[in-house]
Amino acid sequence: MGKYEALARDIVKQVGGRDNISGVVHCVTRLRFTLKDESKANDDILKKMEGVVTVMHSAGQYQVVIGNHVPIVYADVCEIAGISPDAEQEQAKMGIFNRLIDIISGCFQPFLGPLCASGILKGINALLVFLLGASYAQSGTYLVLNAIGDAIFFFMPVVIGYTAAKKFNLNPIVGITIGCILCYPAIQKTALAAGDPIGSIPLLGEYYTTFLNIPFVAGNYTNSVIPVILIVALAGKLQKIAKKIIPEMIQAFFVPLFVLTISMIAGLMVIGPVVSILTTFLTNAFTTMYEFSPVLTGVCVGFFWQVLVIFGLHWALTPVHMIQLTTQGYSTVLVGMMGCSFAQTAVIMAMYFKMKDQKRKNLAVPAIISGVCGVTEPAIYGFSLPEKKPFIISMIGGAIGGAIFSLMGARSYTMGGLGIFSVVNYISPEGDPSGMYAAFLTIAITMVASFVLTMLFWKDTSVTEEKKNQTANGSIQVDKEMIAAPLSGKVIELSALADDAFAQGVLGNGVGIEPNDGKLVAPVDGTVTTLFPTLHAIGLTSDHGTELLIHVGLDTVQLNGKGFTAHVKQGDHVKKGQLLLEVDLETIRKAGFNTQTPVIVTNSSDLLDVIPSDTKMVKAGEELMTILF
């Protein structure tokens, strides 16, 4: 789940619950629900909900307007409602590395909550061993609590078998079955090793039995993560093949038979042993690096952790962490990130004391509370990252924490809670709490260092109205930026647009254009920050900081890109007048959609004013609006 989980749950509830949702997609700013019964949706409650701009009924859809962060909310809504994301997004082209991160995060995110809960319980149970003595470790209470906390780790292949099946479009029950097979006691290496080895294979080691006279090199797959993901990925491909060649009337039985037989033979005979070699190499490489310099390793992980989180790359370390826990009983992979959330939290605390704007101070309080609990997105995106320097200070604080914690030889014995709840991860199974004490000391030093650095080196540059850009003689100097028309056509007042969300200005101030030409050009020098896959809308941030949304036509997301041709890609820097899109206006009209094109300044609230030009007709490149800031 992401940072908008609570909002997503409330939205699902107020649209009538998951059983009332036939489907959901999203465009640049809206969740677009297809509901079985729209009368079950609570418009008034949704409109007043924090995080929801407004609600609309349009184009046969129930539309909940969120804003530019709608893709994140959409992902949480899909997860909560049990809906698979639309095929177009699932098939979006990615690089190999991005695809790998997407797979790992997709397999772990759905059960991260129960995983953390189980880890916390294991840590508490270990703490009770320390407090109550060895007799507690032999008690039934310990046994029951340990079973509750340890089960998800022991049967990890079963859980990941399900989540990976959802990711690779495999029958989820087949995915669970693959996980169960990997946990089957009789094929584990520890069970087979009770007998004498038959032979040995270089790199793979000894084997104790054969399959069709081929040596079967067993592994211990309980607790494992990589083999099940790869086997399920193969099974997903096999299922597609099986459904093409097996008659539909017998698919219910023979598709699973085909998939399980081939994928598990390949998995146990080839994938498992090869993964064993690779994971051993990977674990040894990280262990060697850590042994060479625990402090340097901790500094690197602590310094870069929050950057990895922003880009979603932190998931790359999760399998390595899990592998170490499985093979060694402890892990040092994520030790360096122990202080990161507390560094970020302390930075926001310091910013709170130096902020002039009371509204921002009020918003900082929940971000601080969230940060203590290990959720730092509100702090990062709302405060430190936009200011840049505080974010860098939080990275330095994280590095300090990583160095200290690694220097004290900390080890993680489970994958448990986040933030303050993670301290129990460092209590050994025997009940040794020294790692937890080291965690508390690391938190204290990290927070003090981050707080002091922020107080010393960050200054609130925001200004009050009476001091805004004052010149030497006391007059106010206002900066401005001219926004050119991206299209030629008739200029329409914002309130006259045929879409309530735009017309009411809930997405920002601006104007509309009824285009007579399909060539859309850059209205400013700036960066393409958003280019939706359907190409019907584009977001730009000017070099001066003005954020623009150009939405070509109304409800044109439903065209799925038909009639749109892009000449730029997301992330490109463009010059004013540069061709961005070519639009076939006739295709839009024939499909029954309005060609009115809103040009919206989405960060209007951060600016002094947005002044539309008084012209009635405009040519692309001519003045459309003036921004004061």
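Taking H placed 1.01 Å from N in the peptide plane, check which residues at least 5 places from GLY505 or on another chain put their amide H under 5 Å from its amide H.
Amide H neighbours of GLY505: none.
If one takes the longest principal axis of the Cα atoms in the chain, at what angle in degrees, from 0 to 90 and to the nearest 10, does the Cα axis of helix 5-14 lie?
On a 0 to 90 degree scale, this one is about 70.
Report the net charge of residues surrounding THR595, where surrounding means a beta-carbon distance below 10 angstrom and charges are Lys +1, Arg +1, Asp -1, Glu -1.
Details: positive: ARG589; negative: GLU514, GLU586.
Around THR595, the charge tally is -1.
List the pairs from LYS48/LYS361; LYS13/LYS359; LYS36/LYS240; LYS47/LYS616 whose alpha-carbon separation is above 32 Å, in the order I gave them.
Numbers: LYS48/LYS361 23 Å; LYS13/LYS359 30 Å; LYS36/LYS240 30 Å; LYS47/LYS616 34 Å.
In this structure, LYS47/LYS616 exceed 32 Å between Cα atoms.
Counting only GluC sites (Glu not before Pro) that are in a DSSP loop and have at most 16 other C-beta atoms within 10 Å, tell me the longest site-free stretch of the chain. Could the numbers behind the result be given before it?
Working: sites that count: GLU50, GLU430, GLU622.
With a cap of 16 other Cβ atoms within 10 Å, the longest stretch comes to 51-429.
Using Cα positions and a limit of under 19 Å, work out the lysines in reach of LYS354, with same-chain residues fewer than 8 apart set aside.
LYS388, LYS389, LYS459, LYS467, LYS468
Given all pairs of different Cα atoms, what value in angstroms does the Kirkwood hydrodynamic radius of the chain take?
Numbers: mean 1/r = 0.0360 Å⁻¹.
After inverting the mean inverse Cα-Cα distance, the result is 27.8 Å.
Rounded to the nearest 500, what is the chain's calculated 222 nm mean residue ellipticity when only DSSP H runs of at least 4 contribute -39500 (n - 2.57) each, over all residues?
Values: 22 runs with 282 residues, N = 629.
After summing the helix terms and dividing by residue count, I get -14000 deg cm²/dmol.
Skipping prolines and chain starts, which residues have an amide H placed within reach, meaning under 5 Å, of the one on ILE492, given they are 5 or more residues away or on another chain?
Hits under the 5 Å cutoff: GLY512, ILE513, GLU514.
Expected output is a single nm value to one decimal: the length gained when fully extending between GLU50 and ASP517, i.e. 0.36 nm times separation in residues minus the C-alpha distance. What is it? Kindly include the intermediate steps, with their values, before the conclusion.
Details: separation 467, 0.36 × 467 = 168.12 nm, distance 3.91 nm.
Here the answer is 164.2 nm.
Please turn the phi angles of the stretch 531-538 into ³J(HN,Hα) values with the Karplus equation 6.51 cos²θ - 1.76 cosθ + 1.60 (θ = phi - 60°), one per residue in order, whole Hz, x for glycine and proline.
Whole-Hz 3J(HN,Hα) from phi for the stretch 531-538: 9, 5, x, 7, 6, 7, 8, 9.
Output ³J(HN,Hα) for the stretch 148-155: one whole-Hz value per residue in order, computed from phi by the Karplus curve 6.51 cos²θ - 1.76 cosθ + 1.60 with θ = phi - 60°, and x for Gly and Pro.
Those phi angles translate into 5, x, 8, 4, 5, 6, 5, 9 Hz.
Tell me the relative contact order for the stretch 519-582 as a rounded percent, counting alpha carbon contacts under 8 Å between residues six or more apart. Present the calculation step by step, with values, prior to reporting the outcome.
Working: 127 pairs, mean separation 29.7, N = 64.
Computed value for the stretch 519-582: 46 percent relative contact order.
Long-range amide H contacts for GLY339: which residues qualify at under 5 Å (H placed 1.01 Å from N, peptide plane, sequence gap of 5 or more or a different chain)?
Those qualifying (amide H under 5 Å, at least 5 residues apart or on another chain) are GLY402.
Applying 1/(1 + (r/R0)^6) with R0 = 45 Å to the Cβ-Cβ distance of SER139 and LEU363, what FRET efficiency is obtained, to the nearest 0.05? Write down the numbers at each step before the final one.
On the way: r = 48 Å, r/R0 = 1.06.
Approximately 0.40, to the nearest 0.05.
Note the full-extension length gain between HIS573 and PHE111 as 0.36 nm times their separation in residues minus their Cα-Cα distance, in nm to one decimal.
On the way: separation 462, 0.36 × 462 = 166.32 nm, distance 3.88 nm.
Using 0.36 nm per residue and subtracting the Cα-Cα distance, I get 162.4 nm.
What list of ³J(HN,Hα) values in whole Hz, one per residue of the stretch 384-393 in order, does the Karplus curve 6.51 cos²θ - 1.76 cosθ + 1.60 (θ = phi - 60°) give from phi, with Gly and Pro shown as x?
3J(HN,Hα) across the stretch 384-393, in whole Hz: 6, 5, x, 7, 6, 4, x, 5, 4, 4.
With labels modelled as points extended 7 Å from the Cα through the Cβ direction, what inter-label distance (nm, one decimal) is found for THR280 paired with GLU622?
7.5 nm
Considering the options PRO185, GLN570, GLN61, tell which one lies farthest towards the positive end of the dipole of the chain, charges being +1 on Lys and Arg and -1 on Asp and Glu at the Cβ, about the Cα centre.
Farthest along the dipole direction, towards plus: PRO185.
Starting from 0.36 nm per residue, how many nanometres of slack lie between LEU608 and THR527 once their C-alpha separation is accounted for?
Here the answer is 27.0 nm.
If you wrap a convex hull around the Cα atoms of the stretch 165-206, how much volume per residue is inside, in Å³? Spell out each step's value before the answer.
Values: hull volume 4.1 nm³, N = 42.
Roughly 98 Å³ of hull volume per residue.
How high is the relative contact order of the chain, given as a whole-number percent (alpha carbon pairs under 8 Å, six or more residues apart)? Please list the in-between numbers first.
Working: 1157 pairs, mean separation 65.1, N = 629.
This gives 10 percent for the chain.
Report the Cα centroid-to-centroid distance between the stretch 120-198 and the stretch 266-292 in angstrom, as an integer.
20 Å
Treating the angle as unsigned and between 0 and 90°, give the value, to the nearest 10°, between the Cα long axis of helix 172-183 and the longest Cα principal axis of the chain.
Helix 172-183 sits roughly 30 degrees off the main axis of the chain.
Where Rh is the Kirkwood radius over the Cα pairs of the stretch 377-455, the temperature 37 °C and the viscosity 0.692 mPa s, what D in µm²/s does Stokes-Einstein return? Intermediate values should be presented prior to the final figure.
Details: Rh = 13.5 Å.
It comes out at roughly 243 µm²/s.
Taking all protein chains in place and a 1.4 Å probe, what share, in percent, of the accessible surface of the chain do carbon and sulfur account for?
Details: 18180 of 29640 Å².
Accessible surface attributable to carbon and sulfur in the chain totals 61 percent.
So how strong a dipole does the chain carry about its Cα centre when Lys and Arg Cβ are +1 and Asp and Glu Cβ are -1, to the nearest 20 debye? Working shown, then result.
Numbers: 42 positive and 47 negative charges, 131 e Å.
In total the dipole reaches around 620 debye.
Please state the relative contact order of the stretch 259-394 as a whole percent: Cα pairs under 8 Å, 6+ residues apart? Present the calculation step by step, with values, prior to reporting the outcome.
Details: 96 pairs, mean separation 26.3, N = 136.
Once normalised by length, the contact order is 19 percent.
The values are calculated or read from the model by the stated rules, or taken from the named source; none is laboratory data. Source: prediction; values computed, not measured. No Cβ is skipped: glycine too gets one built from the backbone with ideal geometry, and neighbour counts run over all protein chains shown. These area figures cover heavy atoms from the full protein model, side chains too; ligands, DNA and RNA do not enter into them. Shrake-Rupley method; radii C 1.70, N 1.55, O 1.52, S 1.80 Å.
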